[in-house]
Each structure stands twice: as structure tokens, then as C-alpha cells.
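The structure appears right after this line, and notes come after that.
The values are calculated or read from the model by the stated rules, or taken from the named source; none is laboratory data. Computed from a predicted model, the values in this text were never measured in an experiment. FYI the Cβ positions are ideal-geometry reconstructions off the backbone, even for glycines, and counts take in every protein chain you see. With ligands, DNA and RNA removed, areas are computed over all heavy atoms of the protein, side chains included. Shrake-Rupley method; radii C 1.70, N 1.55, O 1.52, S 1.80 Å.
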Amino acid sequence: MKGEKKKLGEILVDAGLVSKQQIEEALRVQKETGERLGKVLVRLNLINEEALISFLGEQLGIPHVDLKDYLVDPDTINLVPEFVARKHQLVPLFKIGDTLTVAMVDPLNVFAIDEVSLKAGCTVEPALAMESDIKRAIDQYYGVTGTMEEVIKKIEEEQGELLGTGEHDIENKKLAELAEEAPVIKLVNILILNAIRDGASDIHIEPEENMLRIRYRIDGVMQEVPPPPKNLQAAVISRLKIMSEMDIAEKRVPQDGRFRIKVENRQVDMRVSTLPTIHGENVVMRILDVSKALLGLEQLGFAPDVLEEYNKTIRKSYGIVLVTGPTGSGKTTTLYSSLNVINTVDKNIITVEDPVEYRLKLIRQAQVNVKAGLTFASGLRAILRQDPDIVMVGEIRDVETAEIAIQAALTGHLVFSTLHTNNAPGAATRLVDMGVEPFLVSSSILAIIGQRLVRKICPSCKEEYQPPEALLLQAGLDPKQKDLKVYHGKGCKTCLNTGYKGRICIFELLLPNDKIRSLIVQKTSMDVIRKEAVIAGMKTMRDDGLLKVRQGVTTVEEVIRATQED
């Protein structure tokens with residue numbers, strides 16, 4: 001790099017970031033200390049480190065990264081020994097294939113790149129980062145190594161005398177200091193990384209009288225993981241509140257926050273909620289992988305004939321399409337996937353959501369903000385003044401939103417929304433019960449989807465087995481059917497011994513015909529509408545689930561669990 005020093009100074013002067021006199025002063029100090037010119041400029045407060053890194057990244061054509069946004073997998077850290085990281089001031093970030101991306105203070109140091117490549121056994125892709133961030137990251141990731149148990153032991157050795165048994169045992173100032181300690185940061189990072197690696201949708205941190213319980217929600221089911229000791233409760237929760245930009249001094253009222261991290265070059269949003277309980281603040285974190293590609297409709301679980309009908313429906317120019325199901329049944333994903341299919345440059349698509357979970361190109365997305373007066377109803381009114389072709393309302397919660405959505409559907413707009421009902425036929429009666437005129441409901445509905453999520457059999461331990469006859473009869477299957485093959489997962493490391501890995505939707509699609517529309521106008525019960533829909537050809541969620549059982553996708557037990565009301 002020595003040959004580059006003067007060149008760097010000239011570039012900075014030409015860019016107007018420093019003066020010629022300042023460069024001369026920095027070069028004089030550099031001769032005395034032997035430090036890199038950039039470090040000298042920052043130390044003398046002649047240039048901001050962040051501005052310098054950003055400028056150098058552009059000049060060198062090397063990406064610059066903010067390490068505060070990253071969570072690095074311990075397996076990735078282990079690819080580069082600590083002495084190499086400290087000697088060359090670098091931190092490995094993520095590995096894709098045979099390429100390891102490494103954040104470096106000096107990305108032109110070929111000796112450092114060669115040594116990392118040799119130690120890690122892969123090609124190195126350098127990135128530029130601030131020296132202060134790299135030093136902090138090295139202390140954070142290399143200061144404590146090993147499993148969660150080893151991290152906990154290290155914390156207890158170093159900080160045990162400072163940690164109390166509850167949140168009120170430590171002053172707020174000391175609590176903030178503890179939350180920024182490398183071992184505590186490491187522990188929280190491992191909690192989050194393990195959850196993401198295991199495919200969890202939520203992390204629950206639950207204080208109890210004598211323990212701090214940690215549970216992940218994986219494939220819709222809560223699973224307990226080894227907890228840290230109770231005396232780490234205050235430090236762990238304070239760390240999460242600091243990351244979420246919450247007030248760590250306020251423990252008496254619920255708080256909401258969020259933060260974004262990068263894991264293996266993927267952006268992950270963490271939505272954090274705290275709730276005061278008798279044993280301390282309960283924390284729940286929703287994990288949203290914002291970089292994950294949206295699934296196509298065919299990947300969600302639609303049967304081919306149902307998908308064909310639904311594809312025709314969502315290409316119509318006006319009417320309302322409703323997706324129903326309980327919380328956590330995948331309704332929002334179905335809506336996003338539907339919009340993605342019909343999202344073209346010749347259509348103006350606008351949404352109002354709570355919250356906006358995925359960013360979609362070409363689509364204008366507004367987020368509900370009740371404090372500012374932006375509700376689903378007020379947002380929908382504003383959207384209709386924006387000349388939309390297609391509108392998505394995250395949820396119909398009240399009669400006002402329902403009436404505006406239906407009027408929009410009747411006046412030439414294609415409207416998508418969700419309702420919390422148990423099945424597709426129940427959506428029509430729910431709208432009428434809300435106070436919407438039955439004839440408006442009848443004339444506006446294009447399609448209603450009912451859906452549930454069922455767990456898929458783990459492919460690594462999938463095996464054929466013979467379930468009890470009573471179970472088959474309960475599901476509606478004939479135990480004497482000769483060609484009936486049923487599968488389950490026997491449990492393995494891949495699925496954490498649950499027998500399941502991932503989830504898929506089971507659907508029912510109601511396309512109202514004249515008879516069904518007439519029944520809606522007459523305020524007929526949901527059961528009657530459901531029977532007529534089945535006569536008209538609607539396959540129920542139970543039917544769709546049993547089809548997936550025959551295909552070896554899911555188990556009989558899962559279908560029964562998800563469709564008990566059938």
C-alpha cells in the first residue's frame with residue numbers, strides 16, 4: 001500500500017475532502033508513527049472515518065459494509081483464526097459456495113487476502129469497513145468462542161458479581177454498559193442466529209420465577225431451547241431493547257421496536273415487542289426475511305385445477321378477492337404472491353398494510369399508522385384518489401373498511417383483502433354480520449380462499465408407515481383402500497427430531513355462482529352456503545389436505561389438527 005499513500009492524498013484533495021495543507025500535516029505524522037494515511041487523517045479529525053470509507057469504496061470499486069448491520073454465523077468466524085483477523089484487521093462475513101466475503105480495513109492487502117484464502121480454503125471477496133467497526137467486531141466474535149453454554153460460562157466468570165436476579169437489581173447506567181459487553185452481545189447473537197438457522201418465525205424470551213425460558217416458534221409449533229441463567233435476564237433483555245431502540249429504563253409499559261440485520265448476505269427484519277409481567281419483561285421477536293424471494297402461487301400448495309381457476313379470477317378487472325383464515329395461516333403470503341402474478345407496468349397497484357412485510361417493485365405500499373390517523377379505512381380512501389387499478393387492503397376489521405372496499409370493487413377496481421374467519425363460506429356471512437348490505441356482498445365477491453398451514457414431512461427421515469385405523473377413519477380415509485400409502489417422519493437432526501420440516505398451505509376456493517349469491521342475499525347461514533359450494537365443486541381444506549397426505553407431503557395427524565372444524 002506504500003505506493004498508494006501519496007496517490008490517496010491527491011485523490012482526497014482533488015475531491016475536496018481535505019486540503020493540501022492537511023495532507024502535508026498527516027504525511028508528517030505518518031512518517032513518525034508508520035500508520036496508514038487514512039488512519040492518521042481520522043485520528044487527527046481531518047476527515048470522518050465513515051466518509052473516508054465510503055469515498056474509498058467508490059474509488060476502488062470495492063463495496064463498503066456497515067458491520068453494525070451484520071450478524072455473522074460462528075461457523076463462518078471459525079474459518080479465519082483470531083490471530084489472522086487481528087493481524088490484518090479483518091472479519092469474515094459470509095460464505096456463498098467457495099467464496100468468502102471478508103470485511104477489511106485494507107482490501108488491497110494481497111498478503112492478507114492470500115493468508116485468509118489459505119486458512120479458509122476458499123476464494124476471498126474483500127469488502128471495505130471502518131477500522132473501529134472491525135476492532136469491535138473482532139472483540140465481539142472472537143472474544144468468546146464455542147457453544148451457548150461456553151458463552152454463558154464466560155459471562156458468569158467475568159460479570160457474575162454484577163448481575164442480579166431481576167431487572168430492578170441493577171442501575172440503568174450499569175445495565176446499559178452490561179448490554180454492550182462483548183459476551184452479552186455474543187449470547188444474544190447466538191440466540192438470534194440459531195433461531196434463523198432453525199427456520200423459526202418467532203423468538204420468545206419469557207421470564208419466570210426461577211428461570212428465563214427461551215422458545216422458538218418453528219413451523220408454527222413452539223419449541224424450547226437451552227436457556228441462559230436467570231441472572232442474565234436483565235442484560236439479555238436490555239441488549240434486545242437497545243438493538244430495537246427502546247427505552248431500557250422503562251419497564252412498566254409495553255414497548256414496540258424493530259431492527260434490521262444481515263445474516264449470510266440476507267436482510268432480516270426483527271420486529272420486537274415487550275410486555276411487563278410479574279417476573280420481568282416478556283420479549284417476543286418476529287423474524288421476517290425481507291430478502292427472501294416471494295413464492296409463486298404453484299409453490300404455496302394450490303392443487304393444479306384450483307390454481308387454474310384462481311389464476312383466471314385474479315386477472316379480472318374488478319371485484320373483491322378475500323383470503324380467510326386465523327392469524328398465522330399464511331394469508332399475507334398468498335396476497336403478495338397473487339399481486340406478484342398480476343404486477344405489470346400497465347397496472348397501478350397500491351396497498352395499505354399493517355405492517356408492510358415485503359417490498360414489491362412497481363407497487364406503492366403504505367403502512368398503517370393509527371397514531372398519525374392512517375387506518376385501513378382512511379388509507380383506502382386515499383388510495384382510491386390515486387387512480388389505482390388494483391388495491392390491496394391488509395385486513396378488513398370493521399364495517400367502514402368493508403364498505404369502502406366493496407364500493408371500490410363495484411366501481412371498477414380489483415380489490416384484495418383478508419378476513420379472520422374459519423373457512424371460505426364464513427367470509428360472506430361475516431361481512432353481512434358486520435353490517436354490510438347482503439346485496440353488496442353478493443354482487444362484489446369474485447372469490448374467497450380459505451387456508452391453513454400444515455407441516456411438511458421431513459424429506460431426510462420420511463418413511464412409509466401404517467397409522468391406526470381409527471386415525472384414518474377420523475380423517476375420512478378408507479383403511480381398506482389397497483393403494484393407500486401414508487408417510488411420516490421418524491425424526492432426525494435435520495428436523496430437530498420432530499419429523500417435520502417446512503410448511504405448505506391447504507386451500508379451499510369458493511367461486512360464487514348464482515345460487516350462492518342468492519343465498520348470501522337471503523342472509524342464509526354459513527353451513528347452507530358451504531353445502532351449496534361443495535355441490536358446486538368446491539374442494540374443502542380437508543379434501544386438499546387428504547390429497548397432500550396421499551401425495552406424501554404431510555401427515556394424517558397434521559390435516560386433522562388443521563381442519564378440526566371440518
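Quick rundown of the values:
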quantity: Around Ile363: net Lys/Arg minus Asp/Glu count, Cβ-Cβ under 13 Å; calculated: +1
quantity: Cα-based Rg of segment 353-398 normalised by 2.2 N^0.38 Å, two decimals; calculated: 1.11
quantity: Helical mean residue ellipticity (222 nm; -39500 (n - 2.57) per DSSP H run of 4+; nearest 500) of the chain; calculated: -11500 deg cm²/dmol
quantity: Where Rh is the Kirkwood radius over Cα pairs, Rg/Rh for segment 4-126; calculated: 1.01
quantity: Relative packing of 449-456, 220-227, which averages over residues the other C-beta atoms within 10 Å, highest first; calculated: 449-456, 220-227
quantity: DSSP beta bridge pairing in the chain, given as percent antiparallel to the nearest 5; calculated: 65 percent
quantity: Debye, to nearest 20: dipole size of segment 486-545, +1 on Lys, Arg Cβ, -1 on Asp, Glu Cβ; calculated: 300 debye
quantity: Where Rh is the Kirkwood radius over Cα pairs, Rg/Rh for segment 443-566; calculated: 1.08
quantity: 3J(HN,Hα) from dihedral phi, segment 456-470, Karplus parametrisation 6.51/-1.76/1.60, rounded to Hz, x for glycine, proline; calculated: 8, 5, 4, x, 6, 10, 5, 8, 6, 8, 10, x, x, 4, 4
quantity: Cβ-placed point charges (K, R +1; D, E -1), dipole of the chain about Cα centre in debye, nearest 20; calculated: 980 debye
quantity: For segment 493-566, Kirkwood radius (reciprocal of mean inverse C-alpha pair distance, Å); calculated: 14.2 Å
quantity: Top positive-direction residue, dipole computed over the chain with Cβ charges, set Gly328, Ala475, Ser443; calculated: Ser443
quantity: Interchain or long-range residues, amide H under 5 Å from Leu79's placed H; calculated: none
quantity: Cα-derived Rg to Rh of the chain, Kirkwood definition; calculated: 1.04
quantity: Summed residue charge, Cβ within 12 Å of Lys462's Cβ, Lys/Arg positive, Asp/Glu negative; calculated: +2
quantity: Most to least packed among 16-28, 550-562 [average Cβ atoms within 10 Å]; calculated: 550-562, 16-28
quantity: Solvent exposure of the chain as accessible area per residue, Å², 1.4 Å probe; calculated: 47 Å²
quantity: Amide H contacts under 5 Å for Val102, placed H, 5+ residues apart; calculated: Leu93, Glu125, Ala127
quantity: Three-way shape label, segment 292-362, alpha-carbon gyration tensor, a/c 1.5; calculated: rounded
quantity: Tilt relative to the chain, helix 526-535 - C-alpha long axis, 0 to 90 degrees, to 10; calculated: 80 degrees
quantity: Protein accessible area in the chain, 1.4 Å probe - carbon and sulfur %; calculated: 49 percent
quantity: Charge dipole of the chain about the Cα centre (unit charges at C-beta), most positive-ward option of Val253, Ser378, Pro229; calculated: Ser378
quantity: Angle in degrees between helix 541-550 and the longest Cα principal axis of the chain, rounded to the nearest 10; calculated: 70 degrees
quantity: Cα-Cα P(r), segment 342-483, percent of pairs per 5 Å interval; calculated: 2, 8, 15, 16, 15, 11, 7, 6, 7, 8, 4, 1, 0
quantity: Separation of alpha-carbon centers, segment 475-489 and segment 362-428, rounded to whole Å; calculated: 43 Å
quantity: Charge tally in the Cβ shell below 11 Å around Val436, where Lys, Arg are +1 and Asp, Glu are -1, Val436 excluded; calculated: -4
quantity: Residue-wise HN-Hα coupling along segment 477-493, computed from phi with Karplus coefficients 6.51, -1.76, 1.60 (Hz; x: Gly, Pro); calculated: 9, 8, x, 8, 5, 5, 8, 6, 10, 10, 10, 8, x, 7, x, 7, 4
quantity: Given charges at Cβ of Lys, Arg, Asp, Glu: the chain dipole, positive-most of Ala402, Leu288, Ala15; calculated: Ala402
quantity: Inter-centroid distance (Cα atoms) of segment 236-264 relative to segment 56-82, Å; calculated: 24 Å
quantity: Sites Asn210 and His420, calculated FRET efficiency, Cβ-Cβ separation with R0 35 Å, nearest 0.05; calculated: 0.40
quantity: On Cα atoms only, tilt of 148-159 relative to the major axis of the chain in degrees; calculated: 50 degrees
quantity: Distant-in-sequence amide H partners of Gln223 (H built 1.01 Å from N, under 5 Å); calculated: Tyr216, Arg217, Ile218
quantity: Debye, to nearest 20: dipole size of segment 333-420, +1 on Lys, Arg Cβ, -1 on Asp, Glu Cβ; calculated: 260 debye
